[in-house]
Amino acid sequence: MTETQLAEQLGLTKAAVGYHLHLLMKAGLITVNKVEAEKHGILQKYYAPKAILLIVDPDYIPKDVERYFIRTQIEHLIGIFSALQLDHRVFEVSSKILGELAVAMLKQLKIIGQKHEKDVTQEDVDSLRIKIYAEAFANLIKQKEWRALFKK
């Protein structure tokens, strides 16, 4: 996506997006994968992530965005609950407990992600994502503090 496309999609100014793209480039997380000249001669850069799959380390989430990552993880967990036909249990669990469960899941994703770091290929990224989530969730429900939550 271009800086303009990102700004429009995120509802941010081009300046804000440009600043963050610069930081991401400097950190080596994104790359310019295509450059096209517009009819006015302005070059449009298309940015793409360098990584095929990105797993967030919960120990390094900045406080100002921590809520976003935890909320996203809670949504993933609710999807897992639903797939396991345990979605009725979501309403029995406090938001505090769901938040703690989300952080525990992020920690498991980090561990399993590191285990499979060399397994990444462009063709099977979805399979790898499912494999990592499945292993992380399996580890999570084996932990004493979460086991009772998932018992039928």
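Only the coordinates and a few stated rules stand behind these numbers; no lab work does. Every value quoted in this text rests on a predicted model; they were computed, and no experiment measured them. So basically every Cβ, Gly included, is an ideal-geometry build from the backbone, and we count neighbours across all protein chains shown.
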Subject >> Cα-based Kirkwood hydrodynamic radius, the chain, one decimal, Å >> reply: 17.9 Å
Subject >> Simple spin-label estimate for VAL65 and HIS22 in nanometres, 7 Å along Cα-Cβ >> reply: 1.7 nm
**OP:** Can you pull the one-decimal nm distance between simple spin-label points at HIS76 and LYS96, each 7 Å off the Cα toward Cβ?
**Re:** 2.5 nm
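Given N residues in region 1-87, what is its alpha carbon radius of gyration divided by 2.2 N^0.38 Å?
Working: Rg = 17.1 Å, N = 87, 2.2 N^0.38 = 12.0 Å.
My calculation over the Cα atoms of region 1-87 gives 1.42.
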Subject >> Choice from GLU100, GLU66, GLU36 with maximal GNM fluctuation in the chain (Cα, 10 Å cutoff) >> reply: GLU36
**OP:** Of the options GLN9, LEU53, GLN114, report the single residue whose Cα projects farthest towards the positive end of the charge dipole of the chain (beta-carbon charges: Lys, Arg +1; Asp, Glu -1).
**Re:** GLN114
**OP:** Report, ordered by chain and residue number, the lysines lying within cross-link reach of LYS26, taken as a straight Cα distance under 25 Å and ignoring same-chain residues fewer than 8 apart.
**Re:** LYS14, LYS34, LYS45, LYS50, LYS63, LYS110, LYS118
Original post:
Are there trypsin sites (Lys or Arg not before Pro) in region 1-94 that DSSP puts in a loop and that have at most 11 other Cβ atoms within 10 Å, and which ones?
Top reply: LYS39
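FRET efficiency for HIS116 and GLN85, Cβ-Cβ distance as r, R0 = 25 Å, nearest 0.05? It would help to have the intermediate numbers written out before the result.
Details: r = 28 Å, r/R0 = 1.10.
That gives a FRET efficiency of 0.35.
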**OP:** Treat every Asp and Glu Cβ in the chain as -1 and every Lys and Arg Cβ as +1, leave all other atoms uncharged, and give the resulting dipole magnitude about the Cα centre to the nearest 20 debye.
**Re:** 400 debye
Original post:
Which aspartates and glutamates, on any chain, are close to LYS144 with Cα under 20 Å apart, when same-chain ones fewer than 8 places away are left out?
Top reply: GLU92, GLU100, GLU135
Original post:
Helix 63-83: angle to the longest alpha-carbon principal axis of the chain, degrees 0 to 90, nearest 10?
Top reply: 60 degrees
**OP:** For the chain, find the longest principal axis of its Cα atoms and tell me its angle to the long axis of helix 95-115, 0 to 90°, nearest 10.
**Re:** 70 degrees
Original post:
Tilt of helix 125-142 relative to the longest C-alpha principal axis of the chain, in degrees (0 to 90, nearest 10)?
Top reply: 30 degrees
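Run the helix sum for the chain: -39,500 (n - 2.57) per DSSP H stretch of 4+ residues, divided by residue count, reported at 222 nm to the nearest 500 deg cm²/dmol. Intermediate values should be presented prior to the final figure.
Details: 6 runs with 88 residues, N = 152.
So the helix-based figure for the chain works out to -19000 deg cm²/dmol.
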